[in-house]
Number of protein chains: 2
Amino acid sequence: MITEEKLQAYNDWLFRKSAYDMALSIIMTDKMTVAPSGGSAYRDARTAYLSGELFSIVTDPAIIELLKEMKDDPDLDGDTKRAAYLYYKDAMATMCIPKEEFIAAEELMNKSYDAWLEAKTKNDYSIFEPYLKKVIETKKKHYSYRNSDMDLYDQMLDDFEPGMNREKYDVFFNALKERLVPLIRRVEEAEQIDDSFLYQHYDIEGQKRYCADLLKYLHFDSDWGYQNETEHPFTNWVCENDCRTTTKYIENNVASAILSTVHEVGHATYEHDCDDKYDGMILSEGISSGMHESQSRLFENYLGRTVAFWEYNLPLLKKQFPEQLKDVTPEQFTAAVNVARCSLVRTEADELTYPLHILVRYEIEKGLFDGSISTEGLDQTWNEMYKKYLGVDVPSAREGILQDVHWSDGSFGYFPTYALGSAFSAQFTAKMREEIDVDEALRSGHFEICVDWLKEHIHKYGCRYDADEIMKIATGKAFDVNYYLDYLEEKYTKLYHLK
Amino acid sequence: MITEEKLQAYNDWLFRKSAYDMALSIIMTDKMTVAPSGGSAYRDARTAYLSGELFSIVTDPAIIELLKEMKDDPDLDGDTKRAAYLYYKDAMATMCIPKEEFIAAEELMNKSYDAWLEAKTKNDYSIFEPYLKKVIETKKKHYSYRNSDMDLYDQMLDDFEPGMNREKYDVFFNALKERLVPLIRRVEEAEQIDDSFLYQHYDIEGQKRYCADLLKYLHFDSDWGYQNETEHPFTNWVCENDCRTTTKYIENNVASAILSTVHEVGHATYEHDCDDKYDGMILSEGISSGMHESQSRLFENYLGRTVAFWEYNLPLLKKQFPEQLKDVTPEQFTAAVNVARCSLVRTEADELTYPLHILVRYEIEKGLFDGSISTEGLDQTWNEMYKKYLGVDVPSAREGILQDVHWSDGSFGYFPTYALGSAFSAQFTAKMREEIDVDEALRSGHFEICVDWLKEHIHKYGCRYDADEIMKIATGKAFDVNYYLDYLEEKYTKLYHLK
């Protein structure tokens, strides 16, 4: 039986854990935004030590015993049982790794990030390769401690998206390939849309001034959020009322920082809008990577790339760039940010070709873990795959293998959730559009109407339920990839006047 | 005898301690610059918990025993003995406080900061007063645990500037009053200098662009430093190669952010330029508040407010503000940033009247701790003192009692070191000017020549020696307040053409 005393021990443990989670989150955001490079080695060693302290808290045998008891205790409320179950699951995955190895891995990941950043800056994969190799070896070793019957890469996929594995992703990606590749071919043959005005000179100060307006429109304010700059945009959080997003400004590309801002605010809003009573505990977090990405991509693509969105926002953007955007209409601007074109950089890709970028990474990850692909020469492998799937020649490692941060910290199995999340978004948006007038909300500056719907049907649950359960709660149906494929087909058929 | 094993225990302890110091430093900087306000309560409670973890490390009885042994061990090298002595001294001051009270106080200080910020924003002292009262009570209680024979406020003064007390500060401030008050009167009666051009509209983006040039000139770069914005500028650091400064931009005052930038970079450079071998241990830190302030004020006043400095920098500033500064010469600009005028805000004060601002705070602090002054009505007391010492009417709490952050976290005894530091700077600068051509270095864009001198004679020692020893090492003489008074007299006699 869970006595008052035991519950107190659980709450004390939760608080201690959340203190280290907070510290590590702030240190990480700091590192990736403003921290001076010369202090990296000093900080990384100490950050790893603090991660080890957290490791000890998470894997405390007395607590694991307690969590095990709590998760199945019939007298406890559902929220507490669910939280205990999720903590227990995390602990099981962590406790099998020896603490010294865990700490060493944390330090390696931090150093690997620095190496990736240096390699990208210098456009030289050879700087990053030895770290990538070590990161993969470390991951393999850590997973081997679990003694699972599951295939190694399947375990990784499951960690980011519970229930998913190679078999299911293969089915998913095959469905995508089957309908999207022909569609892409048809778009390529259609009359092309002029988007050249997006790539004029847009001074960064002007972009920042507009982004301040944009953040207001999105209701991302200093009460609960802060946006900084970084090399590879991400979102991080301390608690519901402390979410940090990042963006990256590019002088000759006005849409990049804007859409990445909308994207990251989607992640932040998901964290912010969870039910208050879960704050500081695991239930307040997004349930899976795919669900998280479904919210960021819903913001970016299903709201941010619509005419209604730009009917409100284009005049604000024109205030900063009256010359560059003089004769551009919301329709033209929207068409331009939706141009489909096989390209080099995932984060800049349009919705239609985006899944192919993910497919490249998925295929490479499968190969890295079944031994058919090696880190040596991986830059060349990358280039060949881009040629094969996207038909483009990669001119540099910076725009190729080094473009993404994710492998530097060992996030293998994560990329596929990006495509899956996009597909989730389609189904959520279809339902939302049945229930509220999304375009009117966007057009009239009432973005909060959409946010409220998402909060009520998705965000408030945090990870109280699994992703498939939330899909059913929100849309009344199980996940169906056809929402996504129908959406893309309809959108691009119309945009390119396809027959 | 200090065995290898004991030394290892000491080094392990040092590392653990430095990990928490790092985390708390980053969390603090984050809080005071960008952290969303809504997350304050959540963060503050957890930050206090982590401070408690550090408390436990610092006051670990086994370590205190070891430090006690080490500080007097004849076989250890001087550096290690000195470090052990300083850690031991710190531990003695901390360990007498019960841990729960220590943690509660940390949380109180964080909340008190938020209350101060809110009070300042709303221009309402009553929001801050209850916190200030609690902070003072807490400080009194903590000091009472020491069971020292020394007077309470004397202990506080000694903590910030070892060896100082009310008696010595009274002598110091009397010497200042004696020579500076008549000088201020003479300046007031002289023909006034036009500084109105400093107070035109200077847009903040332009100020930021110039500050980027300025930071380059000062050799404050992203290898080892980062500058952010805050309400009340400060400097903080993680290690030698990770120093954070802050500034505050004011639209109708072009000199404010510039001089505060130069000031804070002085603090940062002192920390950065310590001997590498001390990094991560106590010896790497500045020896006292007065010494720290001597370096920031040396940068700000003795270098930053000179004609030579502006011969190089004014053209850079004019690039951003060609209209506002069209006909202004370096001599006129320098004269304007040196205008002496009894005013309201300490951080904006000129060198000559600055010590009077400190005197007000010193008198109030004495009164708060001998019981003759209360926090209730302290805004009125403040206003009366400003009338008495500076002859000005304080129109609002924001420009009065609420202008400084320092009392919100209980830094009583700190302000007097600001005046003392200014006086130290004079003596250091006199010596530096004997040995190198400071003006030529500033004029020609070789600020590093000054920095190198300071590093060689002051910075590299960290707190290897006491402040008075460093004064002798650097200048060959004991501290003499007349360097300061002579400097001010000569400077202002010339500037205002006094007879």
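The values are calculated or read from the model by the stated rules, or taken from the named source; none is laboratory data. This one's a predicted model, so the numbers in the text were calculated from it and none came from an experiment. Positions of Cβ are backbone-derived with ideal geometry, glycine not excepted, and every protein chain shown enters the neighbour counts. SASA here: full protein model, heavy atoms, side chains in, ligands and nucleic acids out. Shrake-Rupley method; radii C 1.70, N 1.55, O 1.52, S 1.80 Å.
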What are the semi-axes of the equivalent ellipsoid of the protein assembly as shown, taken as the square roots of 5 times the eigenvalues of the Cα gyration tensor, listed largest first and rounded to whole Å? 53, 35, 27
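Other chains near B:12-20: what is the mean number of their Cβ atoms within 10 Å of each residue's Cβ?
Partner-chain Cβ atoms within 10 Å, mean over residues of B:12-20: 3.
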C-alpha center-to-center spacing [region A:27-65, region A:168-192] in angstrom: 42 Å
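Quick check on chain B: of the DSSP beta bridges with both residues there, what percent are antiparallel, nearest 5%? Don't jump to the answer; show the numbers that get you there.
Details: 4 of 9 bridges.
Percent antiparallel among DSSP bridges in chain B is about 45.
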Quick check: pseudo-label points 7 Å beyond the Cα along Cα→Cβ at A:ASN482 and B:SER148, how many nm apart are they? 8.0 nm
For A:ASP276, place a label point 7 Å out from Cα along the Cα→Cβ vector, do the same in each other copy, and report the separations in nm, one decimal, smallest first. 5.4
Of all GluC sites (Glu not before Pro) in region A:345-380, which ones are in loop regions per DSSP and have a Cβ with at most 15 other Cβ atoms within 10 Å? A:GLU376
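How would you classify region A:137-275 from its alpha-carbon gyration tensor, with a ≥ b ≥ c the square roots of the eigenvalues: rounded for a/c under 1.5, else prolate if a/b is greater than b/c, otherwise oblate?
On the way: a/c = 2.39, a/b = 1.26, b/c = 1.90.
Judged from the Cα gyration tensor, region A:137-275 comes out oblate (a/c at least 1.5, b/c at or above a/b).
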For A:GLY462, the residues 5 or more places away or on another chain with a placed amide H closer than 5 Å to its own amide H are A:ASP275
Suppose we keep just the alpha-carbon trace of region A:166-495; what are its Rg and Dmax in angstrom? 19.2, 54
Using modelled backbone amide H atoms (1.01 Å from N, in-plane), which distant-in-sequence or interchain residues come within less than 5 Å of B:TRP237's amide H? B:ARG244
Per DSSP H run of n ≥ 4, the term is -39500 (n - 2.57); total these for the protein assembly as shown, divide by its residue number, and report the mean residue ellipticity at 222 nm rounded to 500 deg cm²/dmol. -20500 deg cm²/dmol
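I'd like to check one number: the per residue accessible area of region B:46-157, probe 1.4 Å, reported in Å² as a whole number. Provide the component values of the computation, followed by the final result.
Values: 5050 Å² over 112 residues.
On a per-residue basis, region B:46-157 sits at 45 Å².
First select every other residue whose beta carbon is under 12 angstrom from the beta carbon of A:MET28; then total the charges, Lys and Arg +1, Asp and Glu -1.
Working: positive: A:LYS31, A:ARG43, A:ARG244; negative: A:ASP21, A:ASP30, A:ASP44, A:GLU106, A:ASP409, B:ASP30.
Taking every Cβ under 12 Å from that of A:MET28, the sum is -3.
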Reachable lysines, given that their alpha-carbon falls under 26 Å from the alpha-carbon of A:LYS319 and they are not under 8 places away in the same chain: A:LYS208, A:LYS216, A:LYS248, B:LYS208, B:LYS319
Could you list, in their original order, any pairs among B:LYS6/B:LYS81; B:LYS431/B:LYS455; B:LYS472/B:LYS494; A:LYS6/A:LYS81; A:LYS168/A:LYS366 whose Cα atoms are separated by more than 21 Å? B:LYS472/B:LYS494
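Order these peptides, B:236-244, A:41-49, by their mean beta-carbon neighbour count within 10 angstrom, highest first.
Working: B:236-244: 24.4, A:41-49: 20.4.
Ranked by mean Cβ neighbours within 10 Å, highest first: B:236-244, A:41-49.
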Antiparallel DSSP bridges in the protein assembly as shown: what percent, to the nearest 5? 45 percent
Taking H as built 1.01 Å from N, whose amide H comes closer than 5 Å to the amide H of B:GLU229, not counting residues under 5 places away? B:THR247
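Cβ neighbours within 10 Å, averaged per peptide: list A:298-307, A:260-269, B:55-64, B:84-93 in order, most packed at the top. If you can, show how the numbers build up before the last one.
On the way: A:298-307: 23.5, A:260-269: 26.3, B:55-64: 16.2, B:84-93: 18.0.
Most protected by this proxy first, the peptides run A:260-269, A:298-307, B:84-93, B:55-64.
Considering all projection directions equally, how large on average is the shadow of the alpha-carbon convex hull of region A:4-147, in square nanometres? The partial results should precede the final answer.
Working: hull surface 40.0 nm².
If I average the Cα hull's projected area over directions, I get 10.0 nm².
Of the heavy-atom accessible surface of region A:379-499 (probe 1.4 angstrom), what whole percent is carbon and sulfur?
47 percent
Using 0.36 nm per residue, how much length does the chain from A:ASP75 to A:ASP327 gain when fully extended, once their Cα-Cα distance is taken away? Write out the running numbers ahead of the final one.
Values: separation 252, 0.36 × 252 = 90.72 nm, distance 6.60 nm.
Between A:ASP75 and A:ASP327, full extension yields 84.1 nm more.
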Hey, any idea what % of region B:45-168's accessible area is carbon plus sulfur with a 1.4 Å probe? 50 percent
State log₁₀ I(q)/I(0) for region B:328-477 at q = 0.15, 0.16, 0.17 Å⁻¹ as given by the Debye formula over alpha-carbon point scatterers of equal weight, solvent excluded. -0.95, -1.01, -1.06
Please report, for B:LYS99, the nm distances (one decimal) from its label point, 7 Å out from Cα along the beta-carbon direction, to the equivalent points in the remaining copies, shortest first. 1.6
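Given a 1.4 Å probe and no ligands, DNA or RNA in the count, how much accessible surface is buried by A and B, both sides, to the nearest 100 Å²? It would help to have the intermediate numbers written out before the result.
Values: alone 21510 and 21510 Å², together 39700 Å².
Result for this pair: about 3300 Å² buried.
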Report which residues of region A:37-71 become buried by 30 Å² or more of accessible surface when going from the isolated chain to the complete set of protein chains (1.4 Å probe; DNA, RNA and ligands ignored). A:SER37, A:GLY38, A:TYR42, A:ARG43, A:ARG46, A:TYR49, A:LEU50
Any idea how far the Cα center of region B:104-155 sits from the one of region B:408-451, in Å? 31 Å
As a test of the definition: which semi-axes, in Å, follow for region A:252-317 when you take the square root of five times each eigenvalue of its alpha carbon gyration tensor? Largest first, please. 28, 12, 10
Along Cα-to-Cβ, 7 Å out, sits the label point; list in nm, shortest first, how far the one on B:GLU65 is from those in the other copies. 3.0
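Would you mind classifying region B:169-242 by shape? Square roots of the alpha carbon gyration tensor eigenvalues, ordered a ≥ b ≥ c; an a/c under 1.5 is rounded, otherwise it is prolate if a/b is larger than b/c and oblate if not. Please report the intermediate quantities before stating the final value.
Numbers: a/c = 3.24, a/b = 1.48, b/c = 2.18.
Oblate, since a/c reaches 1.5 and b/c is not below a/b.
Using mean Cβ contacts within 10 Å as the protection proxy, how do B:485-491, B:252-258, A:96-102 order, highest first?
Details: B:485-491: 17.3, B:252-258: 19.7, A:96-102: 15.0.
Output ranking for B:485-491, B:252-258, A:96-102: B:252-258, B:485-491, A:96-102.
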